[in-house]
Amino acid sequence: MRNVPSGQFFPGGRSARSAAALLLAAAALAGCGGDDTAGTAGGASGLNVGEVQEAFERGDPESVTGQRGTFSARVEDVISPWAFTMGGGDFGDADPLLVIEEGMPPVDQDDPVRVEGVVHKFDFSRVQKDLGVDLAEPLYQDFPGEPYVKADKIAEDVGE
């Protein structure tokens with residue numbers, strides 16, 4: 001930097017120390033949320049995969065059912081061309097969250113993804129009817145009554 005007095009980083013008298021503090025604050029804010037955040041169209045809902053699973057486990061699925069959110073985690077298991085699970089181990093001992101993806105591009109195991117959609121309670125007949133396809137029921141035998149996200153947008157290979 002030419003013609004900048006010693007100890008001055010930015011014009012206007014900001015010191016290198018002030019600039020470093022601003023950079024650290026910006027980095028901390030950018031890192032808030034990480035992989036386990038969820039949001040809604042109107043703002044952050046504070047949900048993550050673990051919190052959705054916990055609500056169902058404590059018998060309070062109504063607290064999250066119907067909420068629109070954005071969930072970020074790794075694909076744990078690809079179940080069919082229309083479904084995969086995400087999260088699980090990323091959120092302590094929480095079960096992975098089922099994602100139903102009508103007309104979305106397929107994902108691969110371990111892909112970091114960001115899913116936007118609405119949380120529902122899984123009912124095989126209803127999901128099959130909503131998708132308009134014949135699903136292989138044995139693939140979904142572990143999910144009755146469990147939470148799932150009906151995805152309307154999926155972004156693959158998102159940064160962590």
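The values are calculated or read from the model by the stated rules, or taken from the named source; none is laboratory data. The model shown is predicted, which means the values in this text are computed figures rather than measured ones. In this analysis, Cβ positions are derived from the backbone assuming ideal geometry, glycine residues included, and neighbour counts consider all displayed protein chains. Side chains included, ligands, DNA and RNA excluded: accessible areas come from the protein's heavy atoms. Shrake-Rupley method; radii C 1.70, N 1.55, O 1.52, S 1.80 Å.
Within region 116-129, the set of residues being over 19 Å from E57 (Cβ atoms) and open to solvent by 60 Å² or more (accessible area, probe 1.4 Å) comprises S125, R126, K129.
Kindly indicate whether P96 is modelled with pLDDT under 95 and within 22 Å of A55 (Cα to Cα). Working first, answer last.
Values: modelled with pLDDT under 95: yes; within 22 Å of A55 (Cα to Cα): yes.
In short, yes.
State whether the residues of region 64-75 include one that is modelled with pLDDT of 90 or more, within 24 Å of L139 (Cβ to Cβ), among the basic types (K, R) and open to solvent by 40 Å² or more (accessible area, probe 1.4 Å). Taking every residue of region 64-75 in turn, at least one turns out to be modelled with pLDDT of 90 or more, within 24 Å of L139 (Cβ to Cβ), among the basic types (K, R) and open to solvent by 40 Å² or more (accessible area, probe 1.4 Å). Set side by side, the residues R114, R74 differ, and just one is more than 17 Å from D152 (Cβ to Cβ) and assigned to a strand (DSSP E or B), which is R74.
Considered as a group, the residues in region 81-93 that are buried (at least 22 other Cβ atoms within 10 Å of the Cβ) and in contact with a helix residue (DSSP H, G or I) (Cβ under 7 Å, 6 or more places away or on another chain) include one that is modelled with the highest pLDDT, and that residue is M86.
Consider region 50-63 and keep the residues that are open to solvent by less than 60 Å² (accessible area, probe 1.4 Å) and more than 16 Å from H120 (Cβ to Cβ). The one that is modelled with the highest pLDDT is G59.
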